[in-house]
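None of the figures in this text is laboratory data; all of them are computed from the coordinates on show. The shown structure was predicted, so the numbers you read here are calculated from the model rather than taken from an experiment. Heads up, the Cβs are rebuilt from the backbone with ideal geometry, glycines too, and the neighbour counts pull from every protein chain shown.
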Amino acid sequence: MRVTAAIEIENLEYRYGERAAVAGLNLTVQAGSIVGLLGPNGGGKSTTLAILATLRRPYAGRAVVAGHDVLSAPRAVRRSIGVVFQSPALDRKLTVRENLLHHGHLYGLWGSELRDRVRTTLQQVGLVDRADELVETLSGGLQRRAEIAKVLLHEPRVLLLDEPTTGLDPAARAALWEQLRRLRAERGCSVLMATHLFEDAEQCDRVAIIDQGRLVGAGTPAELKAQIGGEVLTLDCDHPNEVAAELRREVEGGEVTVGRGCVRIAHPQAHRLVPSLAERLGSRVRSLRLGQPTLADVFFRLTGHEFDNGA
């Protein structure tokens, strides 16, 4: 029977003592799709991936990966997934090829079959010419490619990636995304990526926004941003609560919210408000920024708070 969902999560729960890290999470990742699990650090993303990778047992709920339940069939799950952890999992004192060979042994691969898979996988990630270099001599972007090569060796159906682009420069990040799309096209891999970077989430087919262990919104990046609609005008100011209270009385047809040191106005024609607001508020506003809605705006609207987006 063909599995149409790569991952199915139903009412998943996990706690650290009294703190709920995952609180009734529901999420489906369709086969052949790249889904971003977007949220702040401490929001439950890594714990969710650890459950899907069978590294933690959920307190309640159900999780199925590639058609296998994480509790009743953990070995089948592990054979179906490739996991790239947030922390590097390569032996830096070995070459790229040696890392892949030792990883293949863990999955019962030997001899010509293993050598063929290593060669093919290195070609797929563009590391054939670096295969015999020590990992510690490679750039961060090339090390990430080597990590992906390692987890692809046993031909997994599902990739679980925990903050895979953190610390990469823009060129390395773009190369990684190109590789993920190629893997989806050539191997039909499904990807669930945990990230706190809005620019990564923008690249995904769908985005699941998670906050305090709960799913608060899901859809394509375009669908999520369309919930806000129009334009977003951001006013940097020293007393945002006072400014917002004043604008809520005066701005019609828009939504006024308060962020850290700023006021946001979501309005169908926010650009028309700029001249009058600049004149009325004067020195109370340090700067005004006009733009289209972003996923950061979506997160703020859904949760009522922001989170740092630094790498």
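Summary table
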| item | result |
| --- | --- |
| Between helix 240-250 and the chain: long-axis angle, C-alpha atoms, 0 to 90°, nearest 10 | 60 |
| Rounded to whole Hz, the Karplus (6.51, -1.76, 1.60) HN-Hα couplings of the stretch 27-35, x for glycine and proline | 7, 10, 10, 6, 4, x, 10, 10, 10 |
| Point-charge dipole on Cβ atoms (K/R +1, D/E -1) for the chain, about Cα centre, debye to 20 | 780 |
| Whole-Hz couplings from phi, Karplus 6.51/-1.76/1.60, listed for the stretch 5-19; x for Gly and Pro | 10, 6, 9, 10, 10, 10, 6, 6, 9, 8, 10, 10, x, 8, 8 |
| Per-residue [θ]222 nm for the chain (sum of -39500 (n - 2.57) over DSSP H runs n ≥ 4, rounded to 500) | -10500 deg cm²/dmol |
| Sequence-separation-based contact order of the stretch 5-221, relative, with Cα cut under 8 Å and 6+ spacing, percent | 31 |
| Distance histogram for the stretch 229-292 (every C-alpha pair counted, 10 angstrom bins, percent rounded to whole numbers) | 24, 65, 10 |
| Gaussian network model of the chain, springs between alpha carbon atoms under 10 Å - residue of Gly67, Gly82, Gly167 with greatest fluctuation | Gly167 |
| Whole-angstrom gap from the stretch 276-308 to the stretch 81-150, using each part's C-alpha centre | 44 |
| Sites Arg280 and Thr166 - FRET efficiency at Förster radius 41 Å, r taken between beta-carbons, to 0.05 | 0.45 |
| In degrees, nearest ten, helix 111-124 long axis to first principal axis of the chain (Cα) | 30 |
| Using alpha-carbon coordinates, inclination of helix 140-152 to the longest axis of the chain, degrees | 60 |
